[in-house]
Amino acid sequence: MKKEKTKKETSRKKSYKKVSFAVKQNAVQKIIHGHWSKRQVSLQYGISYGTLDYWCKQFTTEDQKTNYMGQNKEIQKLQDKIDALEFLKEIQQEMIIDLEDKTGNHELKKRLPEQLIKEIKLRRKQRGLK
């Protein structure tokens, strides 16, 4: 005997809730102005990324799109600069440690900021030096 499927069981289409224009506009504005990420908006409103992308395309002007993309590029540039400066700081710390070891003069640290001195001590420990 075959079990008959009801209409509910055979329907796989996901039901969507109707969202007001004001909610759509509010969600898009939060993304465009950089207050919230798409992920945050998605979780807050229970809306998929694809729907948010569609709304962003639908409700933004070219200037807003350019500004939004510009903000993302600016954030990426700043992150790249931070990474480069962190790398440079590590090299400088290594150079200070090597200079102190070669000269035997550990007086250099007295002229450095306290945080940098702590980081150099930590790096020395990691290298197995005193």
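Selection of the range 36-60 for residues being of a type in the set (S, T, N, Q) and part of a helix (DSSP H, G or I) yields Gln40, Ser42, Gln44, Thr51, Gln58. Of the residues contained in the range 76-90, none is found to be touching a helix residue (DSSP H, G or I) at 6+ places or on another chain (Cβ under 6 Å) and at pLDDT 85 or above.
From the residues in the range 5-31 that are among the polar types (S, T, N, Q) and modelled with pLDDT under 75, which one is farthest from Tyr54 (Cα to Cα)?
Going residue by residue through the range 5-31, those that are among the polar types (S, T, N, Q) are 6, 10-11, 15, 20, 25-26, 29.
From the residues that got through so far, the ones that are modelled with pLDDT under 75 too are 6, 10-11, 15.
Values: Thr6: 34, Thr10: 29, Ser11: 25, Ser15: 18 Å.
The residue in question is Thr6.
If you check Gly34 against the conditions, is it at positive phi and modelled with pLDDT under 85? In short, yes. Within the range 24-35, the set of residues being part of a helix (DSSP H, G or I) and within 15 Å of Asp63 (Cα to Cα) comprises Val28, Gln29, Ile31, Ile32.
The values are calculated or read from the model by the stated rules, or taken from the named source; none is laboratory data. The shown structure was predicted, so the numbers you read here are calculated from the model rather than taken from an experiment. A quick note on method: Cβ atoms are made from the backbone with ideal geometry, for glycine too, and the neighbour counts reach across all protein chains shown.
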